[in-house]
1. Being outside any helix (DSSP H, G or I), within 26 Å of Met225 (Cα to Cα) and out of contact with any helix residue (DSSP H, G or I) (no Cβ under 8 Å at 6 or more places or on another chain) is true for just one of Asp269, Asp345, Asp324. Which residue is that?
2. Exactly one of (1) of a type outside the set (Asp, Glu); (2) surrounded by fewer than 14 Cβ atoms within 10 Å (Cβ to Cβ); (3) closer than 26 Å to Tyr233 by Cβ is unmet by Leu351. Its number?
3. Of all residues in region 113-151, which are closer than 25 Å to Pro67 by Cα and of a type in the set (Ser, Thr, Tyr)?
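Read-outs throughout are calculated quantities, based only on the coordinates presented, and are distinct from any laboratory measurement. This structure is a prediction, so every number in the text was calculated from the model and none was measured. Using ideal geometry, Cβ is built from the backbone for each residue, glycine included, and neighbour counts are taken over all protein chains shown.
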Amino acid sequence: MKMYAMPMLSIMIMFISMVIRCDSLSNDIAEKKLPLWVVKSPAIRFIVLTMQSSGSHFLRSTLNSHPSILLHDEQCIDFTHEGQKYEFPDKFRTHSYNCYDQIALSLGMQDTSTKILDAFPSYWNGFELRMHDIKAIGILLHANQGWNEPAEIQQLKNLIYMKSTDKNDNVISHQVVKIVILHRKNYISRSFAGTNMKSAHNSDDLKKLHFTASKNISLTAIQAMADYSEAQYRTVIKELKDYIYVGYEMLVADSSSFLHVFRYLGVDDLSVTAGDHNQLIGPKGVSIMIKHDEKHHAGLPYQYISNLQEVSSSLSRNDTVEHDSTLRYCMLYDNCIWFSSYCLDPSKCFLNP
């Protein structure tokens, strides 16, 4: 029996080793962390700040058509992500994480709350094979989902900026998340956009759509939307250093305008196809079709307005008034020249083709 006996020292070493491994395993389980291939990725992190019915899914579909861009869907609402139904905070439920934890998770940021990882431990599963090609990781964030109130904007700033490690230094020193601001300036057109309106691709469908969707519009209500929107965009731009400000109308009118966004996100090798202005091409067979059928409705705004004469009369007086939130006659025909009093840097602000 002695020849099979294991020396006491060896037994003790094995026991200690097993304890260490078990303890390490339990720590890994208790403290979930993002995969290193996400955290260490040099990909640009970015957030698309926009508002509802402003073309965010049109932009997302186009950007995600490039293999180097990964733009997650809207945050802080119920939505389907990679086939899984995720439920986020609302007035009927309470959660141990908040909207900004979810944003950090979607961006693959190292300081992600462990609570959000407890809730969604497999969020990044399925992306590992793509990660070596990814140049930019982003998410969509509508105003009513995370940058509506001053306190929300402050939390957003805390997420996108890296502050000095000196506790006595309150100066924001470095922006670690880029911002794409998508602004739909035609508020009359925007008032008709929504998931309840389907694209019309032929004359019969268009007639049916006009019949079911046409309505009297309230310029007072649309003006309130314009005033609110312009104030919000003005406020958030003042808080940012690194951003690009893009008009939805420009993207629709000129597909080459998408090149401004791609370049900002590190993709600078695309060009417009000579024979098709709705196609962008790049090396390694990259081909991106700008799909205008992502829009929720077809035609021009005036075609949906039942009280057109009344509206036209009111708007004609404002056509030459150049204020950010002014409702203008040209909005009825989607042929305005757009401007902004708070975004004037031509290297950052793109509103017209």
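1. Working: Asp269 fails: within 26 Å of Met225 (Cα to Cα); Asp324 fails: out of contact with any helix residue (DSSP H, G or I) (no Cβ under 8 Å at 6 or more places or on another chain).
Asp345 is the lone residue from the list that is outside any helix (DSSP H, G or I), within 26 Å of Met225 (Cα to Cα) and out of contact with any helix residue (DSSP H, G or I) (no Cβ under 8 Å at 6 or more places or on another chain).
2. (2)
3. Taking region 113-151 as the starting set, the residues that turn out to be closer than 25 Å to Pro67 by Cα are 120-142.
Those that are closer than 25 Å to Pro67 by Cα and of a type in the set (Ser, Thr, Tyr): Ser122, Tyr123.
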